[in-house]
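The values are calculated or read from the model by the stated rules, or taken from the named source; none is laboratory data. Being a predicted model, the structure only gives us computed values, none of them experimental. Here the Cβ positions follow ideal geometry from the backbone for every residue, glycine too, while neighbour counts run over all protein chains shown.
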Amino acid sequence: MNLPGDIIFYGVASGAVFLVGLAKGGFAGLGAAAIPLLALVMDPVAAAGMLLPILMAQDVVSVWAFRKCFDRRTLVLTIPGAAIGIFLGWWLAAVVDADAVRGFVGIIALAFGVYRLLPILGGRMALTGPAPEWLGTVMGSVAGFTSQIAHAGGPPFQIWALSRNFPHLVFVGTSSIFFAIINWLKVPAYVALGQFNAANMMLTALFMPLAILSTFAGVWLVKRVSPARFNVIINVLMILVGLELVRQALI
């Protein structure tokens, strides 16, 4: 079992894990930057496998906190589609090489960053009024695919769920439970891809304390720092990282 010996790797990985913790602590959406950042310094599939147990540990807290605030119908509509998307994401990672996956991660990072910046630029990519239920299954499948590839299923799910005009706590609770379920659904895919190996799990254990501490840091910071301003910086970073990943995939 050989762990990375490059200090740059540990610096980038620490930053990625810190963003995951901040996301769980209240800075919604920041976690999607983690895999693009990690893909700069390691195989993107291995990066996703390393982060998955961390996300699942954090899910326990969020699901417990919102266990009484969720919309059951949304889960019924979106989870089957998410399972299909996860399967397609697994198939893609199984049949293409690391550079191709890195390119897909870069495209997802670009799309996510642009989506998050659209309101600031005067645009909007959201459904106005309640969307048809069948679209929930479609967006669930897109969320499952992007979550399997890059743990970035937020935007597809949010575009549909926000159109349902749920109360804030119901929206947050439904999102928390949705992603907790699909994180469990991703486990067989990452087992099949061989990513729960000794080296990856050692890295998971190494970064788990930072993930927990950064979650508490997110809870503390979200009350003192403007999430909107912080999100702008991170989403610009995501676009730049996405461009770099696409460039690496093409050369």
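The table for this structure:
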read-out: Complete set of residues in segment 74-102 that are free of Cβ contacts under 8 Å to residues at least 24 places away in the same chain and either in a helix (DSSP H, G or I) or in contact with a helix residue (DSSP H, G or I) (Cβ under 9 Å, 6 or more places away or on another chain) (or both); value: Val76, Trp91, Val95, Val96
read-out: Residues located in segment 189-205, provided they are assigned to a helix (DSSP H, G or I), in contact (Cβ under 8 Å) with a residue 24 or more places away in the chain and either of a type in the set (A, V, I, L, M, F, W, C) or within 17 Å of Asp59 (Cβ to Cβ) (or both); value: Ala189, Tyr190, Ala192, Ala198, Ala199, Met201, Met202, Leu203, Thr204
read-out: Condition check for Gln148: touching a Lys or Arg at 6+ places or on another chain (Cβ under 7 Å) and either aromatic (Phe, Trp, Tyr) or under 30 Å from Leu117 (Cβ atoms) (or both); value: yes
read-out: Which listed residue is touching a residue at least 24 places away in the same chain (Cβ under 8 Å) and more than 18 Å from Ala33 (Cα to Cα), from Phe179, Phe166; value: Phe166
read-out: Given (1) farther than 15 Å from Ala82 by Cβ; (2) of a type outside the set (D, E, K, R); (3) at pLDDT 90 or above, number of the condition Leu127 does not satisfy; value: (3)
read-out: Breaking point among (1) over 17 Å from Ile79 (Cβ atoms); (2) modelled with pLDDT under 85; (3) buried (at least 18 other Cβ atoms within 10 Å of the Cβ), for Gln158; value: (1)
read-out: Thr215 closer than 16 Å to Leu19 by Cα and not aliphatic (A, V, I, L, M); value: yes
read-out: Complete set of residues in segment 37-67 that are part of a helix (DSSP H, G or I), in contact (Cβ under 8 Å) with a residue 60 or more places away in the chain and over 18 Å from Phe179 (Cβ atoms); value: Leu37, Pro44, Val45, Ala46
read-out: Qualifying residue in segment 156-170 (condition: of a type in the set (A, V, I, L, M), over 28 Å from Ala94 (Cβ atoms), assigned to a helix (DSSP H, G or I) and more than 19 Å from the chain's Cα centre (by Cα)); value: yes
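For (1) surrounded by fewer than 18 Cβ atoms within 10 Å (Cβ to Cβ); (2) more than 22 Å from Ile233 (Cα to Cα), each residue gets a yes or a no:
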{"position": "Gly153", "(1), (2)": "no, no"}
{"position": "Ser163", "(1), (2)": "no, yes"}
{"position": "Thr174", "(1), (2)": "no, yes"}
{"position": "Val187", "(1), (2)": "yes, yes"}
